[in-house]
Amino acid sequence: QVQLVESGGGLVQAGGSLRLSCAASGIRFSSTSMAWYRQAPGKQRELVARVFSDGTISYADSVKGRFTISRDNAKNTVYLQMNSLKPEDTGLYYCHARTLSDYWGQGTQVTVSS
């Protein structure tokens, strides 16, 4: 059974930082593409960052230079370091794993106050 468990969300002031973690189980983590998505109230879920199994990384334009995605294959964990947070970064952040199927975590709330 695949499980993705996010942690690290919270309330932070604009300009602050948060680090999200996603612990995965039930998948061959080292060969799995991992990503972070977010969904703001009333908006569609959007891709924030993705790290492929070969280490290739991509970011949404809105977070380039502020967010950093990384993975630790020994710990089956993917991280999202978020710096210089803005109110528009507020939303529910989801961990995503892509194998032959798509798997999602429950989400962790990030709220950035102005």
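The values are calculated or read from the model by the stated rules, or taken from the named source; none is laboratory data. Keep in mind it's a predicted model, so treat the numbers as computed, not measured. FYI the Cβ positions are ideal-geometry reconstructions off the backbone, even for glycines, and counts take in every protein chain you see. For the accessible areas, the whole protein counts, side chains as well, though only heavy atoms, and no ligand, DNA or RNA atoms are used. Shrake-Rupley method; radii C 1.70, N 1.55, O 1.52, S 1.80 Å.
Only one entry in 15, 105 is exposed (fewer than 14 other Cβ atoms within 10 Å of the Cβ) and at pLDDT 95 or above, namely 15. Restricting attention to region 34-51, the residues that are farther than 11 Å from residue 95 by Cα and surrounded by 15 or more Cβ atoms within 10 Å (Cβ to Cβ) add up to 2. Which of the residues that make up region 1-57 are closer than 13 Å to residue 71 by Cβ, outside any loop (DSSP other than H, G, I, E, B) and polar (S, T, N, Q)? Selection gives 21, 30, 31, 33. Condition check for residue 110 on (1) without any contact (Cβ under 8 Å) to a residue 60 or more places away in the chain; (2) closer than 23 Å to residue 11 by Cβ; (3) open to solvent by less than 60 Å² (accessible area, probe 1.4 Å); (4) of a type outside the set (Asp, Glu): one failure, at (1). Taking each residue of region 74-98 that is on the phi > 0 side of the Ramachandran plot and open to solvent by 10 Å² or more (accessible area, probe 1.4 Å) and looking for partners that are of a type outside the set (Ser, Thr, Tyr) and modelled with pLDDT of 95 or more with beta-carbon atoms closer than 7 Å, six or more apart or interchain, yields 76/23; 76/24; 76/29; 84/15; 84/66.
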